[in-house]
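Notes for the one structure printed next.
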Amino acid sequence: MATKEIFQRFVPLLYVHNSLEAIAFYTDVFGVEELTERTMLLSQVPGMDRTPGADRVVVYSKLQFTDGSALGVAELAADTKADGEHIIGNNIHIGLAYEDPAEQRTAFDKLAGDGTVLEDLENRFWGAAYGAVRDRYGVIWETNCYLPPGRRRRSRPALLTGPRRTGTSGVPGL
């Protein structure tokens, strides 16, 4: 029986090498289910399908625990929001999931105060308004607000006000 996805406000995002292997490992260790409908491979990112090995690089995955908690696992890449090479501690980002774009924007702007916007809060091709920020304490927060089907894949930024980014990729974890 497939596990029903439960949305959480706080989702730890673990960036590792060999992400597909790690997903299998954590699924076994914790007895959880990978929500495959949420798993995105690099080959699914527009323009990245011809990248060698893209079908084995996880951009995002979600492991759902029976108590409602979750763990995100993705591939650790050198060009990340963590200023280069990862060290123990900066390979974990905190994910925030919202149902209300205004609530997402408010939290994003507050986290960005005296911090750094790593990725603008914009509608993304995977159907969410997404943005990333490093707060004043060095904590990296990634925010997602899944959009109704009619609001997906807009080319201009959603939620137009707010700090500007200093990062580059537009894809979580890359």
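The values are calculated or read from the model by the stated rules, or taken from the named source; none is laboratory data. All values reported here derive from a predicted model rather than from experimental measurement. When we count neighbours, we look across all protein chains shown, and the Cβ atoms used for this are built from the backbone with ideal geometry, even at glycine. Accessible surface is based on the protein model in full, side chains and every heavy atom, while ligands, DNA and RNA are left aside. Shrake-Rupley method; radii C 1.70, N 1.55, O 1.52, S 1.80 Å.
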What nm value, rounded to one decimal, do you get for the distance between Y146 and F65 when each label is placed 7 Å out toward the C-beta? 2.0
Heavy-atom accessible area with a 1.4 angstrom probe orders H93, H17, most exposed first, as H17, H93
Rounded to the nearest 10 Å², what accessible area does F25 show when all protein chains are kept and the probe is 1.4 Å? 120
Where F10, F65 fall by accessible area, highest first, once all protein chains stay in place (1.4 Å): F10, F65
Add +1 for every Lys or Arg and -1 for every Asp or Glu among the other residues with Cβ under 9 Å from the Cβ of R38, and state the total. -2
Protection proxy ranking, peptides 129-140, 42-53, average beta carbon neighbours within 10 Å, highest first: 129-140, 42-53
How far, in nm, would the chain grow between F25 and F125 when pulled straight, counting 0.36 nm per residue and subtracting the alpha carbon separation? 33.1 nm
